Structures are given as C-alpha cells and as structure tokens.
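The values are calculated or read from the model by the stated rules, or taken from the named source; none is laboratory data. Every value quoted in this text rests on a predicted model; they were computed, and no experiment measured them. So basically every Cβ, Gly included, is an ideal-geometry build from the backbone, and we count neighbours across all protein chains shown.
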Amino acid sequence: MNDNTNNPPARANLMWGGRFEAGPAEVMERINPSIDFDRRMYAQDIAGSRAHCSMLVACGVLTREDGDAILGGLETILREIEAGDFAYDRALEDIHMNVEARLKALIGDAAGRLHTGRSRNDQVATDFKLWVRDAIDRIDAGLKDLQSALLAQAETHADTVMPGFTHLQAAQPVTFGHHMMAYVEMFGRDRGRMADCRKRLNESPLGAAALAGTSFPIDRDMTASALGFDRPAANSLDAVSDRDFAMEYLSAASIAAVHLSRLAEELFIWSSAQFRFVELSDAFTTGSSIMPQKKNPDAAELVRGKAGRIVGALNGTLMMMKGLPLAFCKDMQEDKEALFDAADNLELCVAATAGMVADLKANKAVLAAAAGEGFTTATDLADWLVRVLGRPFRDAHHVSGSLVRLAEKKGCGLEDLSLAEMQEVESGITEDIYTVLGVENSTQSRQSYGGTAPERVREQIARWKERLA
Ligand code: ARG
C-alpha cells in the first residue's frame, strides 16, 4: 500500500481545501471522519446553527434574507434527517460539515455565511454539551423510576425480616424494606451528581469561535439563552477545550453503574437455588438449552458486566484528555463514541434494573428462616447484658461469644439454649433474655435514626415518596 505517496490528483475538501494540493490517503479517509458517530448530534447541531443564525441577523452581521434562507434550509435538513432521507458523506468528516454542505445544496451561497463568527471547535463543544445535557435529563428520569420500583418493594416488605450481612456472613437481622431503601439513597445521590454536572455544564461555548473569540459583533448571551444555557462560557480557550462535562458525566455514570452492579450482584446471589431469597420474573431471566431446570439471571449479569465498559469510557476519556495542550486537539473527537456508548448502556441498565426490581418476589419464609441463622442476634444478647446487667460492652461481647460457641457445639440456635446453660456462662441472665433473641424483636429494637426498625423504615419511605412526587 502506498496511499501516502500515490495520491490521486487533489480531491480537495470543499470546506477547507483551499491550501491543499493533494487529497487524503485512503487510511486518512478512514481515521479522520467522525460522521459515523457524531451524526447522533444532528438535532443539537441544527439547534446550535439556528440560534447562531438568528443572533447574526439580530446583530446585523447577516441580512434577514440570508438568515431566513438559512433557517428554512436548516428546517428542511432536520426533516430530511428525521425521515431518514439524508445522505451522509464521510468525505465531509462530521455532522457539522455534512449539514453545512447540504445547506449549500439547498439554498446556495447564503449557506457559506452561516459559519461567520464561529468555528467547528465551538460548534462541537456546544453540540456535545447539549447532547450530554439531554442524556442527564433522560438518566434522571430513569433513576427516578428505579427509585419508585425500590420504594414499592420497600413498602411491601417494611416488616419482612432477612439476614443483614457483613463480609457476606450473617451479621444482624434487617428488613427487606430497609435493604431496598439503601439503594433508594444510593440512586438519590447518583441523581444529585448528575444534577451537579448539569449545573456546571450549562455554560455556552458558542461564539468562542476557533479559540480566541471573534472580531464580529456577536451576542453570546443571546445564543446562550436560546439554547437554554445559563450564560456564555467566560474564556474562549477554555470554552473550546473543556471536556470536563464529559468526564464529569462519565464519573457520575460510573458511580451509578457501580451501584447498579452491586444491586445486580445481590439479585444474582439472592435468586440462586442456594439462597432462594427472591424469585426473578420470567421477563428478566433466560433458560438453558441443556438444563431444563435453569432460570438464569441474565439481566442482572449484564447490568453487572456493563459497569465495566461504562467505567472504561471514563478511564479512556480521562487518558485521552490528560496530555492535551490548549485549545482544541483532534484527540478530542474520541470523546463521543465512548460517552454515547456509556450513556446508552447506563440507560439500558437502569431500565432493566427497574424492571427486575418491580417484578421480583421476595420469599418471606426463606428470608425469615435465614434471618435467624448464623447467630444473628448475638449482638442483641450482648446489648441485653449491657442494658439490664450493666456489664461493659466488651465483657458482654465476650459472654455472648461464649454462648455462640456453646450453641454452635450443640448445633442449635441461641434461642434454643436453656436458661440453665446460659446461666452457667453468666449467672445474671434471666428469662427476659429470650425476648431479644428473636429476629423480629431484634429489628424492632433498632429504633435509632436510620435504623432497620419497621417504623424507621416507614418514615424513610414516606420522606422519599414525598420527594419523588
Ligand atoms: N469532528 C470534530 C470533533 O468531533 C469536530 C471539530 C473539528 N475541528 C477541527 N478544527 N478539526 O471533535
């Protein structure tokens, strides 16, 4: 291959080919264009062009006739794209030049005036910000639906006891509702991070032009407000080279994906034949082609798996940006595919998780039986020794531990030990001890703010219902 030396006679680029003698190498034609992916920003690109055009007319940079012709042409292009009637050309590199070239074909020379006082550098930053802003609004709605699904399960199971774990070892009884509400809090923070990102993102790059601003008397406040930005970005160099909003979105997306992955992992474990804590619906599981008994939690596994590529998009974008001098560098064209993919997959994961949660059936009997296994009320026993006998907690911990060892040796639960057996270890123990050894008593007693007592859980459910309303 010798495309580098044997170029055909110049097929000079229509948009910027003035100073070129030769056309691009074949491999250049493959590495350079972004149209295959940035066409997803067509609506944002056209919105940005409309705002820019109206502003140029208002500022007297463009005549009203040219402005009207441009706005009419952009309208036609939007309709063509939406109808699937638009012929994208890779030789025109990206969405910005594809739209402009089509505009020229539609309205002639006036099209060439649209690019006055702007550059593809501020254009792409504007389009991408608008796209990410829409993605934030979509994911916020999705996360809210997921919170509602969790909230509904929490309400149904505010009293359903289950084992709470640390190290995946049975630790203390909690309620299934309390466990669901933990995720409501997590996804609430994810929404908060997305909202913060949206706030910081919402400054308009448009009018920063290539990097230095422009000599035309433009009105950046006007384009900013037309596009729903809070204000124009204050530094033109920063405006065209800032991709913080992409990195910040991907950071928030990665944390949300990790939360989703942890929930998916729990559903994966809980739905196994060994646990049987929950049953996932047929709608979110698959069968095995060889083992007829199987019901595989594929949706949960994919949610867990996709967290990897979402975090990968964050890592890739951070690495892509880390060495770039100001202002625009073409490296930054690599920001889009990763983010689009992360956004698509995050939205898919959130929707699939909301579906799984809404459909799942918690197995109350299995959860209750498991809640008492593994001596989960040993802490309640120690607390009783502190509260009733006034023993220091460390000593009480030791006594309770000895009783666990005894029960383990006998192969029974703490509540199955006789009073005499307990008194041999600690003579002060009375019949009253049995009131704290049941798992229901245990959860009931955790009345501290944020604790698992059903009343406390119901308070949190009520607070969130109000917030989501
Ligand atoms: N396709 C480019 C991107 O995705 C648009 C900006 C190109 N600007 C430039 N000066 N080459 O980032």
Here are some conditions: (1) closer than 23 Å to Phe229 by Cβ; (2) within 14 Å of the ligand (Cβ to nearest atom). Asp137 meets all but one. Which one does it not meet?
-> (2)
Any idea which of (1) over 24 Å from Glu334 (Cβ atoms); (2) exposed (fewer than 15 other Cβ atoms within 10 Å of the Cβ); (3) not β-branched (Val, Ile, Thr) is the one Asp36 doesn't satisfy?
-> (1)
In the range 226-248, is there at least one residue being touching a residue at least 24 places away in the same chain (Cβ under 8 Å) and among the β-branched types (Val, Ile, Thr)?
-> yes
Only one of Pro292, Pro297 is more than 16 Å from the ligand (Cβ to nearest atom) and touching a strand residue (DSSP E or B) at 6+ places or on another chain (Cβ under 9 Å), namely Pro297
Looking at Ser251, is it more than 16 Å from the ligand (Cβ to nearest atom), of a type in the set (S, T, N, Q) and more than 30 Å from Arg118 (Cβ to Cβ)?
-> no
Answer yes or no as to whether Lys306 is more than 15 Å from the ligand (Cβ to nearest atom), within 20 Å of the chain's Cα centre (by Cα) and among the basic types (Lys, Arg).
-> yes
Selection from the range 89-123 of residues surrounded by fewer than 21 Cβ atoms within 10 Å (Cβ to Cβ), outside any helix (DSSP H, G or I) and away from the ligand (no atom under 13 Å from the Cβ) yields Asp89, Thr116
For the range 376-384, indicate whether the set of residues that are at positive phi, outside any helix (DSSP H, G or I) and not small (Gly, Ala, Ser) is non-empty.
-> no
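If a residue has to be of a type in the set (A, V, I, L, M, F, W, C), free of Cβ contacts under 8 Å to residues at least 60 places away in the same chain and within 16 Å of the ligand (Cβ to nearest atom) to count, how many in the range 309-328 make the cut?
Looking only at the range 309-328, we keep the residues that are of a type in the set (A, V, I, L, M, F, W, C), and these are 310-311, 313-314, 318-321, 324, 326-328.
Still in the list and also free of Cβ contacts under 8 Å to residues at least 60 places away in the same chain: 311, 319-320.
When the remaining residues are screened for being within 16 Å of the ligand (Cβ to nearest atom), the result is 320.
Within the range 309-328, residues that are of a type in the set (A, V, I, L, M, F, W, C), free of Cβ contacts under 8 Å to residues at least 60 places away in the same chain and within 16 Å of the ligand (Cβ to nearest atom) number 1.
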Report yes if Arg200 is at pLDDT 95 or above, surrounded by fewer than 21 Cβ atoms within 10 Å (Cβ to Cβ) and more than 26 Å from Tyr449 (Cβ to Cβ), otherwise no.
-> yes
Has the range 164-187 got at least one residue that is under 13 Å from the mean Cα position of the chain (by Cα) and touching a residue at least 12 places away in the same chain (Cβ under 8 Å)?
-> yes
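Take the conditions hydroxyl-bearing (Ser, Thr, Tyr) and crowded, with 19+ Cβ neighbours inside 10 Å and apply them to Thr160. Does it pass?
So Thr160 passes the test.
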Scope the range 157-193; condition small (Gly, Ala, Ser) and assigned to a strand (DSSP E or B); matching residues | Gly164, Ala170, Ala171
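May I ask you to say which residue of Leu381, Leu417 is touching a helix residue (DSSP H, G or I) at 6+ places or on another chain (Cβ under 6 Å) and either closer than 17 Å to Gln172 by Cβ or surrounded by fewer than 18 Cβ atoms within 10 Å (Cβ to Cβ) (or both)? Lay out the reasoning, then the answer.
Details: Leu417 fails: either closer than 17 Å to Gln172 by Cβ or surrounded by fewer than 18 Cβ atoms within 10 Å (Cβ to Cβ) (or both).
After applying the criteria, what remains is Leu381.
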Among all residue pairs at least 6 apart or on different chains, which show Cβ distances below 8 Å where the first residue, located in the range 128-148, is touching a residue at least 24 places away in the same chain (Cβ under 8 Å) and the second is within 16 Å of the ligand (Cβ to nearest atom) and among the acidic types (Asp, Glu)?
-> Phe128/Asp335
Reported set for the range 331-367 where residues are away from the ligand (no atom under 16 Å from the Cβ), over 12 Å from the mean Cα position of the chain (by Cα) and free of Cβ contacts under 8 Å to residues at least 12 places away in the same chain is Ala365
Based on what the data block shows, is Ala154 out of contact with any strand residue (DSSP E or B) (no Cβ under 6 Å at 6 or more places or on another chain) and not in a helix (DSSP H, G or I)?
-> no
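So that you can scan it fast, the table gives a plain yes or no per residue for (1) over 27 Å from Phe176 (Cα atoms); (2) crowded, with 22+ Cβ neighbours inside 10 Å; (3) out of contact with any strand residue (DSSP E or B) (no Cβ under 7 Å at 6 or more places or on another chain):
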{"residue": "Cys329", "(1), (2), (3)": "yes, no, yes"}
{"residue": "Asp344", "(1), (2), (3)": "yes, no, yes"}
{"residue": "Ala352", "(1), (2), (3)": "no, no, yes"}
{"residue": "Leu360", "(1), (2), (3)": "no, no, no"}
{"residue": "Leu367", "(1), (2), (3)": "no, yes, no"}
{"residue": "Ala370", "(1), (2), (3)": "no, no, no"}
{"residue": "Leu389", "(1), (2), (3)": "yes, no, yes"}
{"residue": "Cys412", "(1), (2), (3)": "no, no, yes"}
